[in-house]
Amino acid sequence: MKRLLHILVSSLGLFLLACATPPSEFGVYRQSDGTVGVHAPKSAKETDAQVAAVEECKKLGKRGATIVETRKTVNDRFPMTYIFVCNTY
């Protein structure tokens, strides 16, 4: 009985691990002033960050994103932060 419980718990753990969504490369967030911030990894270019911002803007009912600000951060994983404003073009 104890062995069956162990196998069941292990199987459930593997099932949940297999169904997990992989983490995104970008950290996308909405700011209180209506702009969208994108934390970009080292390998990303500005255009890659814009694609992530456009996806977030589409959730807000907008069609595009224009870059407003670029900042360097002290975070090793996300060394650049881009700020975008959503447009309706």
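The values are calculated or read from the model by the stated rules, or taken from the named source; none is laboratory data. As the structure is a computational prediction, the values presented were derived from the model and not from experiment. Note: accessible area is taken over every heavy atom of the protein model, side chains too, but ligands, DNA and RNA are not part of it. Shrake-Rupley method; radii C 1.70, N 1.55, O 1.52, S 1.80 Å.
Within the bounds of the stretch 23-32, is there any residue that is part of a loop (DSSP other than H, G, I, E, B), small (Gly, Ala, Ser), at pLDDT below 90 and open to solvent by less than 100 Å² (accessible area, probe 1.4 Å)?
The answer is yes; a qualifying residue exists.
On the basis of being open to solvent by less than 100 Å² (accessible area, probe 1.4 Å), modelled with pLDDT under 90, more than 15 Å from the chain's Cα centre (by Cα) and aliphatic (A, V, I, L, M), does residue 9 make the cut?
Here the answer is yes, as residue 9 does meet what is asked.
Just to check your reading of the model, which residue among 44, 53 is open to solvent by less than 90 Å² (accessible area, probe 1.4 Å) and either modelled with pLDDT of 90 or more or aromatic (Phe, Trp, Tyr) (or both)?
Criteria check complete, one pass: 53.
Can you pull out every residue in the stretch 64-89 that is open to solvent by 70 Å² or more (accessible area, probe 1.4 Å), modelled with pLDDT of 90 or more and not in a strand (DSSP E or B)?
Answer for the stretch 64-89, where residues must be open to solvent by 70 Å² or more (accessible area, probe 1.4 Å), modelled with pLDDT of 90 or more and not in a strand (DSSP E or B): just 74.
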